[in-house]
Structure formats: structure tokens, C-alpha cells
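Asks: Got a structure for you, questions after.
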Amino acid sequence: MSVRSRPVAVAAFALIATLVARPVAAHVDYVTEDAGDPIDAATFTADVLSDPLNAAVFAGGGLAAVAGIAVYLWVRPTITDVVVLREKLAGYGDLVPWMLRLAIGLPLVGAGFQGYLFAPTLAFDTGASPFLRVLFIGLGFFVLFGLATRIAAAVGLLTYAWVLLTVDAAAVIAMEYVPVLTALVILGGGRPSADDMLLAVASTPGSYYGRIDPVHHLKSFLDASTAPLRRYVPTVLRVGMGVTFVYLGLIEKLADPGRALLVVEKYDLTSVVPVDPGLWVVGAGVTEIAVGVALIAGFFTRGAAALSFVLFTTTLFGLPDDPVLAHVALFGMASAVFTLGSGPLSFDRAVGRPALDDGAGIATE
């Protein structure tokens with residue numbers, strides 16, 4: 001294969017992977033009400049793959065994916081474009097806190113107004129629980145505006161832990177809040193944010209606000225204290241997103257095929273790609289697990305994040321009754337991972353090779 005034709009092969013592989021995995025990113029519990037027929041997960045998977053046609057399609061898809069990744073790893077060191085793209089994305093790093101604040105603030109406000117505890121499946125009566133409503137709206141407001149961002153994020157983490165441990169363990173379905181809120185505790189509000197603006201005003205000699213704000217130096221102290229942890233934010237985000245994907249594939253699909261089959265039937269997914277419904281469920285589950293493991297390991301990180309973003313987009317607009325707010329945090333997390341890359345403790349960082357000669361003036365991640 002010539003160098004000129006290699007990028008075409010990589011692009012073709014990415015397109016095939018996207019089409020095959022398209023409907024898999026939805027939370028099954030968000031779009032189904034019935035639990036479906038009880039089906040033994042191991043027996044179901046064995047029966048699906050015992051069909052020769054299903055086995056051939058499944059194995060062919062797996063081999064195509066492995067071949068595509070191998071081609072990419074072989075070609076990547078020769079592509080200058082990849083290095084330039086990485087360098088440009090790295091320049092957007094200061095905007096990541098803003099991305100995360102939007103991604104988590106909007107669904108928190110929505111949860112407060114609509115009356116649910118992080119996940120739409122955990123509803124509460126807003127009339128009977130006005131404190132919870134005010135809490136979620138308040139947290140969302142403070143995070144969105146970047147006001148006392150670290151404090152609001154810490155309160156959000158404690159609230160999520162309270163819901164998960166004492167109210168309903170089903171809150172695990174909204175686990176994406178944890179890495180995003182954790183990242184905000186480390187990063188703070190960033191810019192643009194109320195914290196950044198108020199600090200600038202309060203730190204200016206002679207300002208009126210500086211006279212009445214006794215805690216404006218707290219942000220500077222927290223910035224300095226969390227500085228050593230900032231390099232691990234990409235790791236926190238990609239591992240958090242990876243664990244979410246593994247959960248979606250393993251727990252919501254492979255371990256609960258009855259409910260997953262309802263999704264295939266409800267949206268007539270076999271008309272999109274005419275394969276056995278069982279193969280849809282097994283293929284979707286395995287694909288999500290594979291993407292999740294890649295993110296956890298930090299392997300092909302930006303590619304996995306980009307694919308995730310496509311999956312979220314097509315799922316939200318392809319499934320008309322999938323709650324959009326429930327996935328905004330995932331959008332933000334995928335955007336941040338795509339921007340920041342793998343970070344430390346990753347396969348990409350350990351084996352990455354530059355596509356430019358030494359001294360070419362562009363740093364690799």
C-alpha cells in the first residue's frame with residue numbers, strides 16, 4: 001500500500017466503524033419502560049454467535065477493526081497532519097473548564113426544573129422536595145457561570161455520592177458526572193468564568209469589590225494547590241468516559257439482552273442494517289466495551305473520543321425520545337478528551353512517535 005493511499009484506508013475504516021456502532025450509545029433505561037423478557041445473558045450470546053452467518057459477520061467486523069487499527073498505527077508516524085492537529089488542539093486546553101461547565105451545568109439545571117436526581121429515571125416530586133429542586137438548579141447555575149466553581153463541583157460530587165449510596169444505586173447510570181465534576185474541582189472555572197473576572201477585579205488595588213470580598217485570594221490559593229494535579233485531568237476524563245462505555249456495553253446490553261432487544265425492535269434497527277436482532281445487541285455491547293477499554297488504556301484516544309462524539313450525536317437525533325439533557329455531560333467529556341488527548345498513564349503517550357523530524361518546531365503529546 002502506498003503512503004498516498006493509506007489515509008484513504010484509515011478514513012474508510014473509521015466510516016465503517018461509525019456505521020456499525022451508530023445506535024449503541026443510548027442509555028437503554030432512558031428509552032425503554034418495559035424490562036423485557038428475562039434472558040440468560042451467556043446463553044443468549046452463545047446462541048447468537050452459534051449461527052454461522054452471525055458468527056461470520058461478527059468475526060469479519062472484528063478483523064476489519066483490528067486491521068484498521070494496525071494500518072493506522074503503521075501510517076500515523078508518517079502523517080504530519082496528525083501532529084499539527086494535536087498541536088492546535090493543545091492550544092484549546094484553557095477552554096476545557098468552560099466546555100465541562102456547560103456540559104454539567106445545563107443538565108443540572110434541567111434536573112432541578114424537571115425533577116430528577118442526575119438521571120431522568122430517578123424522578124422526584126418538585127412540590128414535595130423544593131430543597132432538592134433548589135439544590136440542583138443552584139448547582140447548575142454556579143457551575144454554568146463559573147462562580148465558586150470548585151466549591152459547587154465538590155458539593156455536586158457529595159450530592160451524587162448521597163444519591164448513589166442512600167437513595168438509589170441506579171444513579172450509577174449517570175456516572176459521567178463523577179469525572180466531569182472531579183475535573184472541575186481540579187481545574188476550577190477557567191476562563192471565561194465569574195471566578196476569573198471577580199479575581200481580576202478584586203486583585204486590582206483601589207477596586208471597590210476588592211474591599212468587600214474577603215475571600216478573593218482563595219482562588220489563587222486553590223489554583224496553586226491543585227496545579228500539580230492538572231496534568232492528570234485528561235486521564236480522569238478519558239478513564240471516566242471509558243468506564244461509562246464499558247458499563248453501557250456490558251451491563252445495559254450484554255448482561256440485559258431482553259431490554260436491549262426492545263430497543264432494536266422499538267426503533268426497527270434491523271431495517272438500518274439487516275442483521276439478526278441478537279447480533280445488533282451483541283455487536284453493540286462488544287463495540288461499546290472495546291471503545292471503553294481503548295479509552296481507559298489511552299489507546300487511539302482522540303480517535304475514540306471523535307467516534308464517541310459521532311455516536312452521541314447520531315443517537316440523540318436518531319432516537320426521538322432519548323432525553324437530550326441526559327447526554328450533554330457525555331458530549332462535554334468527549335469534547336474535552338478530544339481536545340486534551342490521552343494525558344499521562346496512557347498507551348498513546350508510551351508508544352507515540354512524531355510524524356515530523358526532530359527540531360521541526362512542533363511538540364508531540
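Asks: Kindly indicate which of LEU158, LEU184 is assigned to a helix (DSSP H, G or I) and surrounded by fewer than 16 Cβ atoms within 10 Å (Cβ to Cβ).
Replies: From the options LEU158, LEU184, the qualifying one is LEU158.
Asks: Does SER220 meet the test of being touching a residue at least 12 places away in the same chain (Cβ under 8 Å), more than 23 Å from the chain's Cα centre (by Cα) and open to solvent by 60 Å² or more (accessible area, probe 1.4 Å)?
Replies: no
Asks: I've got another one for you. Suppose the filter is within 17 Å of VAL243 (Cα to Cα), surrounded by fewer than 21 Cβ atoms within 10 Å (Cβ to Cβ) and at pLDDT 85 or above; does VAL337 pass it?
Replies: So VAL337 fails the test.
Asks: Let me ask something else about it. Closer than 19 Å to GLY60 by Cβ, free of Cβ contacts under 8 Å to residues at least 60 places away in the same chain and part of a helix (DSSP H, G or I): is that true of THR270 in this structure?
Replies: yes
Asks: Identify all residues within the range 287-315 that are open to solvent by 10 Å² or more (accessible area, probe 1.4 Å) and not in a helix (DSSP H, G or I); write none if there are none.
Replies: PHE299, PHE300
Asks: Okay, next question. Cβ-Cβ distance below 8 Å, separation of 6 or more or different chains: which pairs start in the range 116-127 with a residue that is closer than 18 Å to LEU106 by Cα and among the hydrophobic types (A, V, I, L, M, F, W, C) and end on one that is open to solvent by 40 Å² or more (accessible area, probe 1.4 Å) and assigned to a strand (DSSP E or B)?
Replies: Note: pairs meeting the criteria are LEU117/ALA123.
Conditions tested, residue by residue: (1) under 16 Å from LEU139 (Cα atoms); (2) within 24 Å of the chain's Cα centre (by Cα); (3) open to solvent by 30 Å² or more (accessible area, probe 1.4 Å).
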{"site": "TYR72", "(1), (2), (3)": "no, yes, yes"}
{"site": "TYR92", "(1), (2), (3)": "no, yes, yes"}
{"site": "VAL96", "(1), (2), (3)": "no, yes, no"}
{"site": "LEU100", "(1), (2), (3)": "yes, yes, no"}
{"site": "TYR116", "(1), (2), (3)": "yes, yes, no"}
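Asks: Among the residues of the range 199-217, which ones are in contact with a helix residue (DSSP H, G or I) (Cβ under 7 Å, 6 or more places away or on another chain) and open to solvent by 60 Å² or more (accessible area, probe 1.4 Å)?
Replies: Once the filter is applied, which keeps residues that are in contact with a helix residue (DSSP H, G or I) (Cβ under 7 Å, 6 or more places away or on another chain) and open to solvent by 60 Å² or more (accessible area, probe 1.4 Å), the range 199-217 yields VAL201, SER203, THR204, TYR209.
Asks: Report every pair of residues separated by at least 6 positions or lying on different chains whose Cβ atoms are under 7 Å apart, first residue within the range 61-87 and within 28 Å of TRP280 (Cα to Cα), second not hydrophobic (A, V, I, L, M, F, W, C).
Replies: GLY61/GLY283; VAL71/ARG6
Asks: Which of the residues belonging to the range 127-155 are buried (at least 19 other Cβ atoms within 10 Å of the Cβ), at pLDDT below 95 and of a type in the set (Val, Ile, Thr)?
Replies: Of everything in the range 127-155, just one residue is buried (at least 19 other Cβ atoms within 10 Å of the Cβ), at pLDDT below 95 and of a type in the set (Val, Ile, Thr), namely THR149.
Asks: Taking the conditions exactly as written (under 15 Å from SER335 (Cα atoms), out of contact with any Asp or Glu (no Cβ under 9 Å at 6 or more places or on another chain) and of a type in the set (Ser, Thr, Tyr)), does TYR116 satisfy them or not?
Replies: no
Asks: Now, a different point. Can you name the number of the only condition in (1) under 18 Å from ARG101 (Cα atoms); (2) modelled with pLDDT under 90 that GLY278 fails?
Replies: Here GLY278 meets the rest and fails (1).
Asks: Still on this structure: Go through (1) more than 23 Å from the chain's Cα centre (by Cα); (2) surrounded by 11 or more Cβ atoms within 10 Å (Cβ to Cβ); (3) over 15 Å from ALA306 (Cβ atoms) for ARG76 and report which single condition fails.
Replies: (3)
Asks: Just for the range 242-268: of the residues that are within 21 Å of the chain's Cα centre (by Cα) and open to solvent by 40 Å² or more (accessible area, probe 1.4 Å), which one is nearest to ALA336 (Cα to Cα)?
Replies: Out of the qualifying residues, it is VAL243.
The values are calculated or read from the model by the stated rules, or taken from the named source; none is laboratory data. Model, not experiment: these values are computed from the prediction. Because the Cβ atoms are built from the backbone with ideal geometry, glycine has one as well, and the counts that use them run over all protein chains shown. In case anyone asks, the SASA skips ligands and DNA or RNA and just uses the protein heavy atoms, side chains included. Shrake-Rupley method; radii C 1.70, N 1.55, O 1.52, S 1.80 Å.
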